[in-house]
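Since the structure comes first, as structure tokens, the remarks are kept for the end.
The values are calculated or read from the model by the stated rules, or taken from the named source; none is laboratory data. On a predicted model such as this, the values are computed, not experimentally measured, just so you know. Using ideal geometry, Cβ is built from the backbone for each residue, glycine included, and neighbour counts are taken over all protein chains shown. Surface accessibility is based on the protein's heavy atoms, side chains included, excluding ligands, DNA and RNA. Shrake-Rupley method; radii C 1.70, N 1.55, O 1.52, S 1.80 Å.
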Amino acid sequence: MTSIVVLNSLLLFGSGLVLIGIVSSLVASRFGAPLLLVFLAIGMLAGVDGIGGIPFSDFRATYLVGSLSLAIILFDGGLRTRVSGVRGAVAPAAVLATVGVVITAGLTGLVAMLVLDLAPLEGLLVGSVVASTDAAAVFFLLRAGGLQLKRRVNAMLEVESATNDPAAVFLVVLLVQLIGAGGVSSTTEFVNLVLRQAIVGITAGVAGGFAITFAVNRITFPSGLHPLFVVAGAVTLYAMTALADGSGFLAVYIAGLIVGNRPVRAFAPILSFHNAATWLCQIVMFLMLGLLVTPADLLSHAIPALAIAIFLIFIGRPVAVWLCLTPFRFPVREKLFVSWVGLRGAVSIFLAAIPMLSQLPNAEVYFNVAFFVVLVSLLLQGWTVTSAARSTGVALADPAPEVSRVEIDLPGQLDYEMVGYPIVADSPVMGRGGLPPWARAVLIVRRNAVLTPEEAGALRVGDYGYFLAPPQRVNRLDRLFAPFEGHQGRASAGVFSFGPDVRLGELAATYGITVDDDVKDQTVGSLFIDTFEEGVREGDRIALGPVTLVARGVHDGVPHTISLILDSEDADVAVVVPTTAMERLMAALVARLTPLQARLADGTRRLTESLRGAVSRWRARL
Amino acid sequence: MALTDLLSPEAVLPALKVNGKKQALQELSAHAARLTGLDERDIFETLLQRERLGSTGIGDGIAIPHGKPAKIDRLFGLFARLERPIDFEALDGQPVDLIFLLLAPESAGADHLKALARVARILREPDVLERIRATRDPAALFAILTQAQAATQQPGD
């Protein structure tokens, strides 16, 4: 009886923590705090030195849950990576994820060796543990900040953070084996080990990816089991590869890449299931890692750990980024940004648990140092990632449009996807009065009536339309159904217009703007087409140093005129003329409290946005 | 950025007589050369080069030709009201009757942009345009342009 009570309390406790974690996401995005840090903090609060006071030090369980979570997260990362969207970003990302990880690990390892007084291999182990970046953290923060990054930077960061996890895992597992075995017996053995991990990992990944795709498309499971089959397949692939001495993480990422880029039945439910699964994995993993750490021990390693964190953030990562990206002609500002978003996350802490499991000497030092580095990175970089994107000009002036799209799976159909959109006023589809030739209306819901497109005639505001479109073009539809914000609320001071063939270099020379050499010959038209790959919309903006370019006269996703907004110095200032005594009093007050008021307004806006975002995300998921 | 910093009372032409865009730019260059001591051809070439990227006609009968000729050492503005509206290849296709020429030194950078923005903003005020188009008196034009600038800095204007 008592044991059932214990188990039920355990259940209550665990689910309670997860619930708190989910609810706290609302608060976290309000403050722009890294969500993962919040999960970690909740775990720590519940843990041994916190209010929960729960002693948890089961490294085996942590490793089990951690590797399961990471396998699912990495598979999901592959699933979401569009090969066509990342062309041109793959090579730099791959270099950064391999050579970059080794450089970061090496440099940081050197510092760790010095400040922690370790042997070279042990130092390198510390460096490797903290060498990989955390994709989930970066992208959650950027989205929460309402930012859209330039395409190449975005794609590069996405691919890098997904592929550098396997690279770091790989290094750590290798070093743990080497240290455990008492050092390297020969260079050949070392190279053999590396090659075996990589080759087995890649082969298993490719084979597994095709196998999963084949099985999903051929076998008809009862509905609802497809996504589960895919997840189970991914985890099986991970475990099998790892047992065969291959890199399981590399394998699941590659398998995800294959599944995500081949026509797959029931892809929409698979993606949405993975979305939820990935969230759950992140939450559980971070809560567990928070529980695992003993804050008191953490503090005893604070000073060397801080030194390592500072070195990693300000020297290690930037040096690696510079060495890896310079050959690809990335502009300085983009390299600065990429350096700054080297956020560390769960992978590092998880990796630090491996030496613990293998019972290496100094294992608890590695663990606590890694934990501390992650904390510093999440706090320092996580909190400033939005402003870093804006100040380095990597962010676009306009975030992607937010539309509420409903996806419906068409069983047995790979060439078309069915999507539903509410028809809103001022959306391009209303403006141009029709659909592109590749999209077909299926049914229209008007008030309470369900109509065929013939019965419905032209779309009306307030309708809900369902359309068939090829899966790779669905994103383009988003733009058609998003409300057009255009130049609303923005005084367009001094608008000059240019044809799309004007080169950036010419504009730069005329207006004293600095642009990087590699884009000088690019035309403004192609800049828009490159930047907004889903099709340029009327009013899309690109910030170019002090000026802003606006797409005008857009036809079929191609702008015919580019307008130049010179500055926005008073664009956002709303002027209120006080007329009554009360208003005058208020105006005087407001004038006194302008800085505070601005902060408040900003806070309210962000709160509303995050709430709205959360609501629409929930809706989309339900 | 005050308009008085770049516009002097002599640099206001109340009734310039031209037949087309090219002639207008030529005449403006000549006047600018006289007032600044720069080479007329230099100015004209600079303006022409800028027009090749796209017309500086910003609509509603207004054009703001601009550029950075060599050897200029300060921001320089020149305003002309045309006797007869001319075609300026403006985006909205409307003939242009008000031209504000702005020249800037290579080093002006942000000041150049601010000055352009300021000029554009003033010339987009319907109220200002109405008053400008109602007079041929250079002193009055100068006053409207420079005061309009002061007025836009007051709330509620």
Tally of residues being charged (D, E, K, R) and either surrounded by 22 or more Cβ atoms within 10 Å (Cβ to Cβ) or more than 23 Å from A:Ala620 (Cα to Cα) (or both) across region A:243-285 = 2
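What about B:Asp42, is it open to solvent by 20 Å² or more (accessible area, probe 1.4 Å) and part of a loop (DSSP other than H, G, I, E, B)?
Answer is no for this residue.
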Between residues in region A:48-62 that are under 16 Å from A:Leu298 (Cβ atoms) and residues that are of a type in the set (S, T, N, Q), which pairs lie under 7 Å by C-beta distance while being six or more apart or on different chains?
-> A:Val48/A:Thr294; A:Asp49/A:Thr294
Among residues belonging to region B:62-95 that are within 21 Å of A:Thr561 (Cβ to Cβ) and touching a residue at least 60 places away in the same chain (Cβ under 8 Å), point out the one that is farthest from the other protein chains (Cβ to nearest Cβ).
-> B:Asp87
Give me a count of the residues in region A:594-615 that are at pLDDT below 65 and of a type in the set (A, V, I, L, M).
-> 4
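In region B:102-138, how many residues are assigned to a loop (DSSP other than H, G, I, E, B) and of a type in the set (A, V, I, L, M, F, W, C)?
The qualifying residues number 3.
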Could we say that B:Gly57 is within 11 Å of chain A (Cβ to nearest Cβ), surrounded by 22 or more Cβ atoms within 10 Å (Cβ to Cβ) and either touching a strand residue (DSSP E or B) at 6+ places or on another chain (Cβ under 6 Å) or under 25 Å from B:Ala139 (Cβ atoms) (or both) here?
-> yes
Taking region B:106-148, which residues are of a type in the set (Asp, Glu), over 16 Å from B:Phe76 (Cα atoms) and within 14 Å of another protein chain (Cβ to nearest Cβ)?
-> B:Glu125
Starting from region A:324-344, take each residue that is open to solvent by 10 Å² or more (accessible area, probe 1.4 Å) and assigned to a helix (DSSP H, G or I) and list its partners that are at pLDDT below 85 and among the hydrophobic types (A, V, I, L, M, F, W, C), counting only C-beta distances under 6 angstrom and pairs at least six apart or across chains.
-> A:Glu334/A:Val153; A:Glu334/A:Val394; A:Trp340/A:Ala388
Within the bounds of region B:5-16, is there any residue that is of a type in the set (Ser, Thr, Tyr) and surrounded by fewer than 19 Cβ atoms within 10 Å (Cβ to Cβ)?
-> yes
Taking the options A:Ala131, A:Ala112, name whichever one is open to solvent by less than 10 Å² (accessible area, probe 1.4 Å), outside any helix (DSSP H, G or I) and at pLDDT 85 or above.
-> A:Ala131
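Residue by residue, here is whether (1) within 14 Å of chain B (Cβ to nearest Cβ); (2) modelled with pLDDT under 75; (3) under 17 Å from A:Lys150 (Cβ atoms) holds:
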| site | (1), (2), (3) |
| --- | --- |
| A:Asp517 | no, yes, yes |
| A:Gln522 | no, no, yes |
| A:Phe532 | no, yes, yes |
| A:Gly535 | no, yes, yes |
| A:Ala543 | yes, yes, yes |
| A:Asp570 | yes, yes, no |
Unmet criterion (only one of (1) away from chain A (no Cβ under 11 Å); (2) farther than 21 Å from A:Pro546 by Cα; (3) modelled with pLDDT of 90 or more; (4) touching a Leu at 6+ places or on another chain (Cβ under 9 Å)) for B:Leu103 | (2)
Could you say whether any residue in region A:266-282 is assigned by TED's automatic domain parsing to the domain that holds A:Leu40, under 13 Å from A:Val230 (Cβ atoms) and not in a helix (DSSP H, G or I)?
-> yes
Search result, residues across region B:75-85 that are surrounded by fewer than 20 Cβ atoms within 10 Å (Cβ to Cβ) and either within 24 Å of B:Ala134 (Cβ to Cβ) or more than 15 Å from the chain's Cα centre (by Cα) (or both) | B:Arg81, B:Glu83, B:Arg84, B:Pro85
